[in-house]
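Note sheet for the following structure.
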Amino acid sequence: MKNPRIIGQSIPRLDAPDKATGRAIYTDDIKLPGMLYGKLLRSPLAHARIKRIDVAKARALPGVKDVIIGADTPQVKYGNWRLVPGSQDELPLAVDKVRFVGDEVAAVAALDPETAERACALIEVEYEELPAIFTVEEAIAEGAPLIHDESPGNVSLVRKIAYGDLDQMFAQAHYVREDTFKVHAVQHAYLEPCACVAQAEEGSRVTLWTSTQVPYIVQCLLASTLGLPENNVRVMKVAVGGGFGGKMELRPWEFCAAFLALRTGRPLKFTLTRSDELAFGRRRHPMSIYSKVAFSKEGKLLAKDFQVLLDGGAYNAMGPTATYLCGTFGNMLYNFPAYRYLGQHVYTNKPPASAMRGFGAPQAAFAAETQMNLAAQELGLDPIDLRLINAMQTGDEIPEVATISSCGFKESLTKVRQISGWDLKRKDKKPGRGLGIGCFSFISGGVFNWFNTKYNFSAAEVKVFEDGTAQLACMACDIGQGPDTVLRQILSAELGVSIEKIRLISMDTAATPKADLGTWGSRVTLMNGNAVIQAAGKIKDMLAPVLFSQFDLNQIHDLAFEDDKVFVRANPKRSMSLAECVYKALKGRRGEPLTARGYYTPRNKGLVSPAFSFGAQVAEVEVDADTGLTKVVKMYTAHDCGVPINKMSVEGQLEGAVQMGLGYTLMENLILDQQGRTLNTTFLDYKMPTAQDMPPGESVDVDTYEPEGPFGAKEAGEGLAIPTAPAIAHAVYEACGYRCKELPITPEKVLRALGKIK
Amino acid sequence: MAMPHFTVHQPKTLEQALDLLSRHRSGVKLLAGGTDLLMKMRQAGLKAEHLVSLNRVEGLRTISYRDEDGLVIGGAARLADVGRHPGVAQHYPALAHACSVMATPQIRNMGTVAGNLVNAAPSADTAAPLLAYGASLVAVERGGRRQIKLQDFFRGPGLSVLEPLEIVEAIRVPAPPARCGSAYERLSARSQVDIAAVGVAGLLNLDLEGRVLRCRLALGAVAPTPVRCLEAEQMLEGQAPDEALLMRAGASCVRSCQPIDDVRASAAFRRAMVQVLAQRVLKRCLALAQGGAS
């Protein structure tokens, strides 16, 4: 099938010039007349009972307009898993207990930020300190203090998967090994710290501008926590400076802004600082992972026993989804007959972990892929050969999940072997240098409906006008990953209208069709793309009669919508401009506008995802055996994202993913002291790699055509963030002999493993 | 944290600057590049109602090198300007290297060498090279002018012997003799845009027979102040610098440091790196000194 020309082109982001020149408006840029500034008072203790709060002195400070504590609020618990109300464990402001250093206790509204901050310092809170827990092992130990009374053993959620005869497979296997792995917390470090502005109208309506990746989820949860009908809450977003999973829930400042705006009758803004984000913000789950695998003599993977303890921090946040997905990522990449997964989401007294690019997969893959490399070595097989023996292929079934409708995994392995010079470099080994491999697969959006929406998962509304322009309205959330451009490419491809003639509205829950679950799980291109195609198809049906009657066409003719024209496919001379066609259709409809809505919810695609991406990555590193420093020399990537809609966007995703993977593997780490306070709260000491740390890269797109995706597309956002850690870890082993099973790979760990320091 | 309000004064001469300092006495701070000062005011609660800027004081940004006088770095000379000054690049490679890799390009464009020293952070990148080169500071106050050897300057983290009403007018660095090599090595988690977890600077000066006439080694970020490694210096001076001796001397530097465990590195790692970097620095110094002799 031949795709329209605009599919697969490298179109620079339509929003890029405004962002690069500083003209783009972000939430913190919004200033409304009479606007107040909000500040949050946070808990200094990791675990404590609140005995008393006195806000009198704060209230008395000139310039302070309002102070609220938990008792002033409706106290409705919230969380994204509306389907399981028991999992909704968060309150906007703590009522009885605080559960991590940074838990929100009170909020102040004042004329300026300085006064708000001074007022926070005047709030007196008397705490009764409780014993705090900082590791999953302590949390599940017998007699451990309870963080939430409702969750005995501090386990909030358990996910099990089991099929095949595991015991028999382990008993008869040629080779069995078991390993334990640990991974640490890192942060999204989106460039734009969270911010929001709320404005109340007509007493009980509220508009919230917020830096979010899920406007619809924020609308619903904000309404329920305020005790208002959903329709009284309007959520808008302006430009968003990144999210990576860190902005996909209702957050306390969003509630406090709306609540204070309703109480004071004045608009109100909250803006977090970078230090707030690093000290208290969401992060990737640390995990303790046990994995046992069995292989036949030939290297066929027979069974896997995969047990994961997720360190969720003080609240569930998106942890339940990560707990589910970890199990699914454990059997998505390789085909084997027996699998058992036990995932447990554990509370600790740390800032809550949540979704972060890869949603459980970077952790699961670090363990599983490192174990594949260990097994290959002991089986005497090349690590790529071992993967080729076991790789998933098109038509294979991920048991109890789905049948894979397109899979370019084996091609990816072959291609990455080629471009990295794998065979030659492994034969001619240079001291201090090594090559390592890591692989991934990822979902293209989730089928699961834990949010329990009654609407379709995505929706788009297309309007066309008699001047030949179009308007696309959808709630798809561009947080920097590019759907504002990609969705217009898809509409342009389907309707033939030039991309620059499409106005996009994507930022307003009151002006876009319901619903859209937002940006997460790499769902936007596939799910919104399909909704756009459906809406465009309906518009084409409205326009077709104009041509059929104008040219007196036989009903067997096909029409083409290309280059701002509509014409008869078999006889392109029978043609009119799109503008003329819309004009005539409007005349024929006596002025009834040409508007159509499209929707998408996956059907008959199992309960995880409609499509799966695959890929393989090779890292080439140098390790300085004296200093322990690892330098990534080059990254090689071959991946299958179906048909890329915008090649430049896919390249950008790959570069960004390598940067995040590099930080995760080698530098980034949130360091907490014994009281649960974060010690590195600036970019000086939270070591995120900069552009100057980026290694050169080489990549190949393995093109497959995904039948469920728009024009054959699949995800390219999160999967690429998965393979870097195991690839670098393997390369470090090949370079110096240190086998990392506990991230990050620091110079100190390398030197300790080499016996150079104690 | 909110930034308190303050007044900035921009004197044209040192005399005016000194007058402003003594007129306001308390609650006044000197402003050069501001890269440390403003962070302290914004984040660490440092209070100052008056800032006296040195940036328009005539002549204070001058950098000059003459074989007979050595190097003079004005009190407001920028790190980036010092790093790319031809005299510095040619005669003081350790200092040029420190000035061109420390912090970030933006900070190097604003921050000054004098400010880097006066701030007295144990990790100050220019301190170890300047210790190795035997630098002094020229401090002026209303009553007069004094010269302070850099090795006597630091008193502890953030502390120096500079008096509150003194201004660093210049840093003077003697001209390096013939047959001299110097180098600076630093380590940090990020390859660029980072603070040093360990820094080592060295200088070797050979006599006509190729023996070590003078050796200077200095460490950053591994003690409460930048420190010299007297033991290693003494091991080398008067000796023929064979590889085994360089290795032993480099290893002895570990005894000159008192590193701590912190979020940037453990004490054990820092100790090990002092040895590795000192050995590398000495090898490099020797190669340069020998190259210069031929």
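The values are calculated or read from the model by the stated rules, or taken from the named source; none is laboratory data. Model, not experiment: these values are computed from the prediction. Using ideal geometry, Cβ is built from the backbone for each residue, glycine included, and neighbour counts are taken over all protein chains shown.
Taken over the range B:123-162, the criterion of being more than 15 Å from B:Gly220 (Cβ to Cβ), in a loop (DSSP other than H, G, I, E, B) and charged (D, E, K, R) is satisfied by B:Arg142 alone.
Could you list, in sequence order, all residues of the range A:184-228 that are hydroxyl-bearing (Ser, Thr, Tyr), in contact (Cβ under 8 Å) with a residue 60 or more places away in the chain and more than 29 Å from A:Ala365 (Cα to Cα)? The answer is A:Thr210, A:Ser211, A:Tyr216, A:Ser224, A:Thr225. Consider the range A:12-28 and keep the residues that are in a loop (DSSP other than H, G, I, E, B) and either in contact with a Ser or Thr (Cβ under 6 Å, 6 or more places away or on another chain) or of a type in the set (D, E, K, R) (or both). The one that is surrounded by the most Cβ atoms within 10 Å (Cβ to Cβ) is A:Arg13. Restrict the check to the range A:594-617 and report whether at least one residue is among the charged types (D, E, K, R) and within 14 Å of chain B (Cβ to nearest Cβ). Within the range A:594-617, none of the residues are among the charged types (D, E, K, R) and within 14 Å of chain B (Cβ to nearest Cβ).
Selection within the range B:181-211: residues that are crowded, with 24+ Cβ neighbours inside 10 Å and of a type in the set (Val, Ile, Thr). The member of this set that is farthest from the other protein chains (Cβ to nearest Cβ) is B:Val200.
Just give me the residues in the range A:477-502 being assigned to a helix (DSSP H, G or I) and under 16 Å from A:Lys19 (Cα atoms), in sequence order.
To start, the set of residues in the range A:477-502 that are assigned to a helix (DSSP H, G or I) comprises A:483-495, A:499-501.
Residues satisfying the conditions are A:Pro483, A:Asp484, A:Thr485.
Of all the residues in the range A:712-758, those that are more than 14 Å from chain B (Cβ to nearest Cβ) and in a helix (DSSP H, G or I) number 17.
Looking across the range B:136-163, the residues that are over 16 Å from the mean Cα position of the chain (by Cα) and touching a residue at least 60 places away in the same chain (Cβ under 8 Å) come down to B:Val140, B:Glu141, B:Arg142. Can you find a residue in the range A:687-700 that is away from chain B (no Cβ under 12 Å), in a helix (DSSP H, G or I), within 23 Å of the chain's Cα centre (by Cα) and of a type in the set (A, V, I, L, M)? No, the conditions are met nowhere in the range A:687-700. Within the range A:154-187, the only residue that satisfies the criterion of being closer than 26 Å to A:Arg677 by Cβ and assigned to a helix (DSSP H, G or I) is A:Asn154.
Which residues, counting only those in the range B:45-66, are part of a loop (DSSP other than H, G, I, E, B), touching a helix residue (DSSP H, G or I) at 6+ places or on another chain (Cβ under 9 Å) and either among the polar types (S, T, N, Q) or more than 21 Å from B:Ala139 (Cα to Cα) (or both)? Don't jump to the end; show me each part of the working.
First pass over the range B:45-66, keeping only residues part of a loop (DSSP other than H, G, I, E, B): B:45-49, B:54-62.
When the remaining residues are screened for being touching a helix residue (DSSP H, G or I) at 6+ places or on another chain (Cβ under 9 Å), the result is B:46-49, B:54, B:57-61.
Passing the criteria: B:Leu46, B:Lys47, B:Ala48, B:Glu49.
Return yes or no: is A:Gln653 within 14 Å of another protein chain (Cβ to nearest Cβ), at pLDDT 95 or above, out of contact with any strand residue (DSSP E or B) (no Cβ under 7 Å at 6 or more places or on another chain) and closer than 25 Å to A:Asp693 by Cβ? Judged against the criteria, A:Gln653 is not a match. Residues of the range B:67-93 that are assigned to a loop (DSSP other than H, G, I, E, B) and either modelled with pLDDT of 95 or more or over 19 Å from B:Arg179 (Cα atoms) (or both): B:Gly75, B:Ala76, B:Ala77, B:Arg84, B:His85, B:Tyr92. Only one of the numbered conditions (1) surrounded by fewer than 20 Cβ atoms within 10 Å (Cβ to Cβ); (2) within 14 Å of chain B (Cβ to nearest Cβ); (3) of a type outside the set (A, V, I, L, M, F, W, C) is not met by A:Gln75, and that is (2). Looking only at residues in the range B:262-277 that are more than 15 Å from A:Leu751 (Cβ to Cβ) and either charged (D, E, K, R) or more than 7 Å from chain A (Cβ to nearest Cβ) (or both), which one is surrounded by the most Cβ atoms within 10 Å (Cβ to Cβ)? Across the range B:262-277, the extreme among qualifying residues is B:Arg264. Of all residues in the range A:83-130, those satisfying the criterion of being more than 25 Å from the chain's Cα centre (by Cα), acidic (Asp, Glu) and closer than 22 Å to A:Ala58 by Cβ are A:Asp96, A:Asp112, A:Glu114, A:Glu117, A:Glu124, A:Glu126, A:Glu128.
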